[in-house]
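*Asks:* Take a look at this one; I'll ask things after.
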Amino acid sequence: MREAIDNALRGTYRLTVAAGLALGSYVFLALVPLAVVLTGTVIGAGTLPETVLVLRHLAGFKRRQAAEWSGVEIPEAYLPLTGRLGERVRTALTDPQTWRDLRWLVLHLGYGLGLFIAALVVWPFALLVDGAWSGLLGQRPVLLPQLDRLTDLDAAWSRALLTPGPGRSAELAERIAALTATRADAIAAHGAELRRIERDLHDGAQARLVALSMRVGLARRQFDRDPEGARSLLDAAQDQAEQALAELRQVVRAIYPPILSDRGLVGAVRALAASSGLTVAVEVDGLAGPDDPRPPAAIEAAGYFVVAEALTNAARHSGANRAAVHLSRVPRGLRIVVRDSGRGGAHEAGGSGLLGIRRRVAALDGAMTMTSPVGGPTTIEVDLPCVW
Amino acid sequence: MRVVIAEDNALLREGLVLLLTSAGHEVVAAVVTGPEVLPAILEHRPEIAVLDVRLPPGLRDEGLRAALDARRKIPGQPVLVLSQYVEETYAAELLRGGAAGVGYLLKDRVGRVDEFLDALERVADGGTALDPEVVTELLTRRRDDPLESLTPREREVLKLMAEGRDNSTIARTLVVTERAVSKHIGNVFLKLGLPPSDSGHRRVLAVLAYLNHT
């Protein structure tokens, strides 16, 4: 009997805390509209993230309470409230857990208080009934243990309401899978690129230089006996040298176009536009002027090849005579939009370089979308995430 | 001729000095960085300046900018710009102030010593020397058009004109008579609807303007 009362008291203590939390939540909820109104004014915008932080603390307290009672941990998953004010406000509002917490808070007003009142109502009966049944007749207490069921209910409901949504962990799992895949792609693409460069140099410039050296050697041997023959060997050697240089230029251009390092992305894209054979309008937003810091080389190179491929396709396949390129620096990185005036109907599978571009963009964790309805126009949008 | 050169690679700089000296020219200054170019040209007033596009300190396009500065300060100052690779954009920037006394060639061309010295003198005399690679680029990107109606021989003549060659050189290159060249040029101008023009840099500009217009 004594033990049963102690147990029941422990459970009821939890319910009392829950009721206190619910009462505190009433006060908090009364303040939420104030925070919302203040967020509307510029100076008060900081109150919203703070309010969400308080909400997180309330929910966290309940999670610990329920976990201590039931012995089952309730996981916590929040988006970090960091960065500039606007970013914090946005995160606070877009984090789905904010809304889940709020829903819990409102329902808890009901069940937190309700279970506590139920416990208060049951107590006198339990003491009377079990006092007679257990205390006088020596039987096992019946009603007092039921008080714990009320606390169990509180813990179970809280767990159901406060466990992070499957959406969140699914989203994270998806993100990890995507990152793993693009990382593997990036490593594979990098390896393939190195092999291609090695092969190009080996079969091209290197082989030509060997042949050139042989011809010069032969010309030396022949120089005294047959000056005319030596001359023609030297001519051939010079041809080889020029071809080797031409091939080296091509290899270099494919690795990192020299004009990119000379003029940066904007200058290089303007050069592409001028030599595309189309009338191309280039628009630039918030991107580095000549003296500002430039995006990382990999981003610039990817951006350059995106524009180059898009303009080549527009000129070759779309029948367009005009195109527009828009480069903009956005909070999450670099955004490129290329639109042509052609007949549309472009397919990535159509043997164009679009697939290569998609891989290049994906390797940098970027995204590419192409819309090309039959009849046109074709629009290619690429987002390359980066901070610079 | 008195020549100022700007080239940061010691091997190539010495090679150029050797080549120019052995051809009887005088290298009055051989500078290494971009900011040194303009003072050297202003001080020595050379008959021609031979400039590498990429020069320290930035290793970007300092040489090209120096060439443009020099031509702004001294209108008509002949400059021959050399580079490991050619860009249409750079050619356009060089030609914007007129094609007289402008050369833009791949460094590879220096190896063909006679042709290089020929181009050097042509530019110093107020002519034009445009790298065949730039011209080929201009020719291949036009898709429409009257260019299609040119015979292969007329295309060759057009290409050489755009590079800045005069009639006698074109005749020698194609192994035909100068009369034949004149006839081809007449046909080219007729087919492209260009006003006939003498053989100087104005002709180069007219041809390039046509090729550039899309």
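The values are calculated or read from the model by the stated rules, or taken from the named source; none is laboratory data. Only a predicted model underlies this, so the values are computations on that prediction, with no experimental measurement involved. Every residue, glycine as well, gets a Cβ built from its backbone with ideal geometry; the counts of neighbours run over all protein chains shown.
*Asks:* Looking only at the stretch A:103-155, which residues are farther than 30 Å from A:Val52 by Cα, out of contact with any Leu (no Cβ under 9 Å at 6 or more places or on another chain) and small (Gly, Ala, Ser)?
*Replies:* Across the stretch A:103-155, the qualifying residues are A:Gly131, A:Ala132, A:Gly135, A:Gly138.
*Asks:* Another question about this same structure. How many residues does the stretch A:171-215 hold that are among the acidic types (Asp, Glu) and loosely packed, with under 12 Cβ neighbours inside 10 Å?
*Replies:* Residues meeting the conditions: 3.
*Asks:* Could you list, in sequence order, all residues of the stretch A:332-379 that are over 20 Å from the mean Cα position of the chain (by Cα), buried (at least 16 other Cβ atoms within 10 Å of the Cβ) and not in a loop (DSSP other than H, G, I, E, B)?
*Replies:* Correct list: A:Val338, A:Arg339, A:Asp340, A:Leu354, A:Thr379.
*Asks:* Any idea which of (1) on the phi > 0 side of the Ramachandran plot; (2) modelled with pLDDT under 95 is the one B:Arg45 doesn't satisfy?
*Replies:* Just one mismatch for B:Arg45, condition (2).
*Asks:* Do we have any residue at all in the stretch A:285-293 that's under 21 Å from A:Pro377 (Cα atoms) and not in a helix (DSSP H, G or I)?
*Replies:* Taking every residue of the stretch A:285-293 in turn, none turns out to be under 21 Å from A:Pro377 (Cα atoms) and not in a helix (DSSP H, G or I).
*Asks:* What number of residues in the stretch A:220-279 are among the acidic types (Asp, Glu), surrounded by fewer than 19 Cβ atoms within 10 Å (Cβ to Cβ) and within 11 Å of another protein chain (Cβ to nearest Cβ)?
*Replies:* Adding up the residues that qualify gives 3.
*Asks:* Would you point out which residue out of A:Ala45, A:Ala35 is farther than 16 Å from A:Pro164 by Cβ, in a helix (DSSP H, G or I) and within 29 Å of the chain's Cα centre (by Cα)?
*Replies:* Among A:Ala45, A:Ala35, only A:Ala45 is farther than 16 Å from A:Pro164 by Cβ, in a helix (DSSP H, G or I) and within 29 Å of the chain's Cα centre (by Cα).
*Asks:* Is there a residue in the stretch A:252-268 that is part of a loop (DSSP other than H, G, I, E, B) and either over 33 Å from the mean Cα position of the chain (by Cα) or closer than 29 Å to A:His317 by Cβ (or both)?
*Replies:* yes
*Asks:* So which residues in the stretch A:104-154 are aromatic (Phe, Trp, Tyr) and either surrounded by 13 or more Cβ atoms within 10 Å (Cβ to Cβ) or in contact (Cβ under 8 Å) with a residue 60 or more places away in the chain (or both)?
*Replies:* Listed by number, the residues that qualify are A:Trp104, A:Tyr111, A:Phe116, A:Trp123, A:Trp133.
Conditions (1) over 30 Å from A:Tyr111 (Cα atoms); (2) in a helix (DSSP H, G or I), marked per residue:
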position: A:Arg140; (1), (2): no, no
position: A:Gln146; (1), (2): no, yes
position: A:Leu161; (1), (2): no, yes
position: A:Glu171; (1), (2): yes, yes
position: A:Ala177; (1), (2): yes, yes
position: A:Thr180; (1), (2): yes, yes
position: A:Arg183; (1), (2): yes, yes
position: A:Glu198; (1), (2): yes, yes
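*Asks:* Within the stretch A:312-323, is there a residue that is under 28 Å from B:Gly58 (Cα atoms), away from every other protein chain (no Cβ under 12 Å) and buried (at least 18 other Cβ atoms within 10 Å of the Cβ)?
*Replies:* no
*Asks:* Within the stretch B:137-193, how many residues are more than 21 Å from the chain's Cα centre (by Cα), outside any helix (DSSP H, G or I) and away from every other protein chain (no Cβ under 14 Å)?
*Replies:* Number satisfying all stated conditions: 6.
*Asks:* Let me ask something additional. Please pick out the residue among B:Leu94, B:Leu80, B:Leu19, B:Leu55 that is buried (at least 16 other Cβ atoms within 10 Å of the Cβ), within 12 Å of chain A (Cβ to nearest Cβ) and under 27 Å from B:Asp114 (Cα atoms).
*Replies:* B:Leu55
*Asks:* Of the residues B:Val50, B:Val110, which single one is among the aliphatic types (A, V, I, L, M), crowded, with 17+ Cβ neighbours inside 10 Å and within 13 Å of chain A (Cβ to nearest Cβ)?
*Replies:* Testing whether each residue is among the aliphatic types (A, V, I, L, M), crowded, with 17+ Cβ neighbours inside 10 Å and within 13 Å of chain A (Cβ to nearest Cβ) leaves just B:Val110.
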